[in-house]
Structures are given as structure tokens and as C-alpha cells.
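Take a look at the structure below.
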RNA sequence: GAGGCAUUAGCUCAGUUGGUUAGAGCGUCGGAUUGUGGUUCCGAAGGUCGUGGGUUCGACCCCCAUAUGCCUCCCCA
């Protein structure tokens with residue numbers, strides 16, 4: 001049979017896994033440094049945990065898992081099975097007889113579920129980070145898969161804006177360590193968006209307005225105007241919205257203008273949004289490190305799709321590569337309320353690992369050392385030389401040097417080609433001559449140079465590389 | 001969920017207005033070269049032309065269905 005993998009999934013080859021691990025490890029270190037703790041949740045959740053949390057579109061995209069043990073069902077259930085199967089083909093495809101579990105759709109809802117279930121053993125504020133794959137029954141496109149990794153970092157149980165400011169620091173620090181250039185973290189507040197909707201005279205349509213202006217980058221102001229009109233916003237309202245989101249200047253300047261506008265309209269929630277942004281940026285100024293090159297930019301047009309956000313929202317982009325956002329997040333006031341735990345505010349951010357990978361790859365910024373995990377290969381000359389080589393290779397490993405011995409005493413040429421293809425930087429030769437002299441010939445593949453050294457010096461040489 | 005394009009060797013792609021044995025480059029393998037890789041030269045292997053139907057004397061080519069990839073919309077990461 002012809003081998004294949006399911007639609008929208010990918011194999012990750014050794015070098016790709018190395019590169020992704022490098023990204024995850026870099027981010028993990030930063031998370032830990034800010035006191036966040038690792039959490040993992042099951043690949044599958046009960047369907048009832050997930051349904052209704054991601055909107056109508058989301059429900060459709062949840063990967064349902066067929067119940068196992070169907071043969072153990074009662075006869076009454078079996079009779080219904082055909083009917084249930086028919087229903088399965090209809091929206092929203094969920095019938096308990098056929099499916100009662102589903103694959104994880106994101107990391108946020110399982111996190112909320114976890115917090116509610118473990119509320120009595122957790123110390124609040126609870127900070128956790130989570131890096132796991134998620135699944136969506138979406139139609140695959142470029143940069144869109146049915147299985148992909150998410151990398152989230154959230155804190156619940158604190159309303160302090162210090163959390164927001166620290167998360168901004170985590171972004172800046174992580175991208176600094178990954179050497180991603182020209183990073184901008186756009187920041188806005190849902191409260192400001194709510195204020196804007198009120199000023200436009202369409203307070204109840206904040207979501208419609210949000211969805212429309214979220215597309216500004218993509219379809220331009222003309223497209224947004226059309227979209228707003230289609231969503232029932234009148235011309236006067238549209239003008240007012242445009243006035244607000246087209247504000248530009250320094251962060252302080254924009255916030256000052258916004259404060260004035262909100263003041264004129266006596267918009268309490270909008271003013272609150274401005275105050276929160278000011279406070280967050282003030283904390284950030286105190287926390288920030290001088291070697292971070294990224295910037296923070298107040299952007300009144302930033303909207304973000306997810307509808308559970310209620311406060312500050314952020315989104316990360318890099319101007320170095322033409323690419324959508326590489327991270328985003330925000331505050332949600334009542335996420336755990338869905339599971340019966342009210343009044344627990346949280347704020348979190350997410351790293352778009354796949355896109356970050358693409359950015360770093362495109363800019364050629366992955367460290368060279370990731371290319372091969374193995375530092376040296378010992379050529380196999382067979383016979384007594386092989387025995388000697390086995391001893392040497394193990395001593396190198398014990399000294400912490402990743403080494404492999406070519407397992408077969410095949411033609412020299414073939415062994416060299418293998419080492420070259422594997423990107424192994426050093427080749428060690430232990431033949432009759434070297435064995436007699438108790439020396440090792442070490443060849444640097446990158447320069448083509450070769451020298452004969454005692455084992456101790458070889459170990460030192462390789463350790464210093 | 002809607003519309004469009006594509007699928008030929010391991011990879012990137014030619015190809016025939018439907019007509020006997022389907023081609024190239026790269027890669028792979030073997031040899032020149034059994035202690036020196038990237039270069040060079042010689043040779044070889046490798047394809048039921050995505051899958052299943054249909055039209056036809058005859059289909060890689062035309063029609064239908066289906067799978068997968070990509071693009072636009074929707075939505076989003």
C-alpha cells in the first residue's frame with residue numbers, strides 16, 4: 001500500500017524537531033523565570049466540556065471521538081444507533097450514544113476546567129504554562145493544520161495589571177532570546193472597544209464592530225467600512241469609529257487623545273480602558289530590560305477574535321517577515337464561570353510556535369549547532385581497530401560528547417559520505433597506525449583540516465567546540 | 001460551509017490536438033577510487049501517469065466521482 005498521513009497533519013523530521021524544541025525550550029525558560037509552572041492535560045476531553053465554548057463555528061471544528069465499546073451498548077441503544085449515525089452527519093454532530101469525547105481544541109478551556117476541578121489545592125494567583133498539540137477539524141491551508149502546537153501562559157486569580165506588564169516582558173524577553181527582529185507588541189483594551197461602540201451609538205454591537213475592524217490590516221479601511229455597513233452600523237457611527245481607530249502618534253499621545261474623546265462622551269468604560277493601558281505601560285517601563293529591541297504600540301484598531309476577552313488585549317507581529325501575528329492574548333474576567341467558579345479573573349498570552357518557526361527559518365536565525373546532534377563519528381576499520389574504536393567512542397560519550405561509531409566496517413568512502421550527509425562536524429580515524437601510536441586522527445569536516453592527538457586532547461578539543 | 005487550481009520516478013517538473021517500448025535534471029545505488037567527504041567521469045535501478053468508475057477500437061490525455069495538496073472567501077493559530 002502507498003503510505004500516507006491524515007489530512008492536515010505533518011511529520012516532523014529530526015532537524016525540524018530540533019528547531020522546534022529550541023523554540024519551546026527558549027520560551028519555557030522564560031516562563032519558568034517569571035514563576036509560571038508547567039501543566040499538561042489529556043489529549044481528549046469530555047465533549048460537554050468543549051461544546052459551546054468556541055462559538056457555533058468552533059463546535060463544528062471540534063474533533064469528535066467515536067465511542068469505543070459500542071457493542072456493549074444495551075439493545076435499546078443499538079436500535080437507535082442507525083438513527084444516531086444519521087444525526088452525526090448533521091450539525092452540530094454530537095450525540096452521546098455515538099460520541100461523548102473529543103480531542104483538545106485549545107489549551108485555555110482545559111486549563112479553566114483544571115482550575116475549577118483543582119481549586120482547593122491550588123495557591124492563587126495560579127500561574128501555569130502549557131505546550132501541547134491541539135486538533136481542529138478545519139479545512140487545511142498553508143499555515144493551517146488539523147494538528148498543531150499551542151504554547152500558552154496564563155495567570156488566574158489576580159486582577160493586578162502587573163500581570164499584564166509581566167506578560168509583555170515575557171514576549172519581549174522570549175523574542176529577544178530567539179533573536180527575532182523588529183517585534184511589535186500591539187496593545188489595546190476591550191473596554192476601549194466597548195467605549196468606541198457606545199460613542200458610535202451601537203453599544204450592543206461591540207462584537208460586530210470588533211470583528212469588522214479586526215480585518216483592517218487585511219481588507220483596508222474601505223473593506224471595513226463595507227463590513228460595518230453590512231453589520232448595520234450607520235454612516236455617522238462609522239465615521240466616529242474611524243476617528244478613533246485611526247489615531248496615531250506616540251503611545252502617550254494616543255492615550256491622551258483617547259482619554260479626551262472618552263471624557264467628551266462621558267464614557268466611563270472607555271476611560272477605564274485608557275487608565276488600565278496607562279497603568280500597564282507604566283509597570284512595563286519599570287520592568288523592561290534595556291537590551292530588548294521590541295516595541296510596545298498602543299493600537300486602537302486591535303480587536304482579536306476571541307470573544308471571552310474583557311480587558312487588555314495584545315498581539316505580536318514582526319515587520320521582518322510578511323506573516324500574520326506570531327502571538328496574542330488578553331484578559332478574560334470570567335473564564336472559569338463556565339464551569340461554575342465565578343469571579344476568577346485571568347490573563348494570558350500565547351505563542352504561535354509554527355509561525356515563529358517559519359519566521360526564524362526564513363530569516364536563517366536558527367543556531368547552527370542544531371543542525372546535527374552528533375558531534376563526532378568514528379570510522380570503523382574493522383577487526384582489532386573496531387574493538388579499540390568501541391572503547392574510544394564510549395570514553396567520548398562518558399565525557400559528554402555525542403559520538404557515534406559507524407556500525408559496519410564498510411568502505412571508507414561510504415563512511416565519509418555518511419558523516420557528511422549527517423552534518424557531523426568531526427570524523428575520528430583509528431586505524432592500525434593510530435592504534436600503534438595511541439593517537440587519534442581528528443578531521444574537522446568544516447575546514448578539511450586534520451591532526452593527530454592523544455585521546456585526552458581530542459576530548460578537550462571536542463568539548464571546547 | 002462555498003468557489004478555483006493542481007496531482008506523471010524518492011524530489012522538481014516536461015510530455016502526447018486520444019495511437020506500438022512515458023522523458024529530463026537532481027537524488028539514490030554500483031564502479032573509476034578497499035585511509036579521506038562536497039567536484040568529475042562511466043553505468044544501473046526506479047513509474048499499474050493519486051484512486052475508482054465511464055466514454056472509445058484504443059485513455060497519462062476527454063467525462064464523472066473520490067482522496068490529498070495549494071489559493072480565495074468564511075473562520076482562525
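The values are calculated or read from the model by the stated rules, or taken from the named source; none is laboratory data. Just so it is clear, the structure is predicted and the values come from calculations on it, not from any experiment. Methodologically, a virtual Cβ is constructed for each residue, glycine included, from the backbone with ideal geometry; neighbour enumeration extends over all protein chains shown.
A few remarks follow.
- With respect to being away from RNA strand B (no atom under 16 Å from the Cβ), at pLDDT 85 or above, surrounded by 12 or more Cβ atoms within 10 Å (Cβ to Cβ) and not in a loop (DSSP other than H, G, I, E, B), residue A:45 fits the description.
- Among residues of the stretch A:126-153, those that are at pLDDT 95 or above and more than 15 Å from residue A:352 (Cα to Cα), counted: 3
- Flag for residue A:111 being farther than 25 Å from residue A:285 by Cβ and in a strand (DSSP E or B): no
- Scan of the stretch A:200-209 for residues that are crowded, with 21+ Cβ neighbours inside 10 Å and either within 9 Å of RNA strand B (Cβ to nearest atom) or more than 13 Å from residue A:307 (Cβ to Cβ) (or both), ordered by number: A:200, A:202
- Applying the criterion of being more than 13 Å from residue A:393 (Cβ to Cβ) and crowded, with 18+ Cβ neighbours inside 10 Å to the residues of the stretch A:428-439, the residue that is nearest to RNA strand B (Cβ to nearest atom) is A:434.
- Residue within the stretch A:169-181 that is under 25 Å from residue A:271 (Cα atoms) and buried (at least 23 other Cβ atoms within 10 Å of the Cβ) present: no
- Members of the stretch A:122-136 that are assigned to a loop (DSSP other than H, G, I, E, B) and within 12 Å of residue A:9 (Cβ to Cβ): A:136
- Taken across the stretch A:407-427, residues that are within 11 Å of RNA strand B (Cβ to nearest atom), part of a strand (DSSP E or B), in contact (Cβ under 8 Å) with a residue 40 or more places away in the chain and in contact with a strand residue (DSSP E or B) (Cβ under 9 Å, 6 or more places away or on another chain) do occur, with at least one present.
- Looking across A:391, A:395, one residue alone is in contact (Cβ under 8 Å) with a residue 40 or more places away in the chain, away from RNA strand B (no atom under 11 Å from the Cβ) and farther than 21 Å from residue A:15 by Cβ. It is A:395.
- Filter result (within 14 Å of RNA strand B (Cβ to nearest atom) and buried (at least 16 other Cβ atoms within 10 Å of the Cβ)) within the stretch A:1-22: A:8, A:20
- The residues listed here are A:130, A:150; of these, the one that is in contact (Cβ under 8 Å) with a residue 12 or more places away in the chain, touching a strand residue (DSSP E or B) at 6+ places or on another chain (Cβ under 8 Å) and more than 9 Å from RNA strand B (Cβ to nearest atom) is A:130.
- Residue A:241 surrounded by 21 or more Cβ atoms within 10 Å (Cβ to Cβ) and either within 33 Å of the chain's Cα centre (by Cα) or not assigned by TED's automatic domain parsing to the domain that holds residue A:303 (or both): yes
- Hey, residue A:452 free of Cβ contacts under 8 Å to residues at least 40 places away in the same chain, farther than 29 Å from residue A:18 by Cα, near RNA strand B (Cβ under 8 Å from one of its atoms) and surrounded by fewer than 15 Cβ atoms within 10 Å (Cβ to Cβ) or not: no
- From the list A:216, A:228, the lone residue that is touching a residue at least 60 places away in the same chain (Cβ under 8 Å) and within 14 Å of RNA strand B (Cβ to nearest atom) is A:216.
- Restricting the stretch A:313-336 to residues that are away from RNA strand B (no atom under 16 Å from the Cβ) and touching a residue at least 60 places away in the same chain (Cβ under 8 Å), the residue that is farthest from the chain's Cα centre (by Cα): A:336
- Candidates are the residues of the stretch A:248-277 that are in contact (Cβ under 8 Å) with a residue 24 or more places away in the chain and in a loop (DSSP other than H, G, I, E, B); the one that is farthest from residue A:312 (Cα to Cα) is A:265.
- Among the residues listed as A:222, A:166, A:236, the single one being farther than 28 Å from residue A:336 by Cα, in a helix (DSSP H, G or I) and either within 15 Å of RNA strand B (Cβ to nearest atom) or modelled with pLDDT of 95 or more (or both): A:222
- Every residue from the stretch A:184-207 that is closer than 18 Å to residue A:229 by Cβ and either under 27 Å from the mean Cα position of the chain (by Cα) or outside any helix (DSSP H, G or I) (or both): A:200, A:201, A:202, A:207
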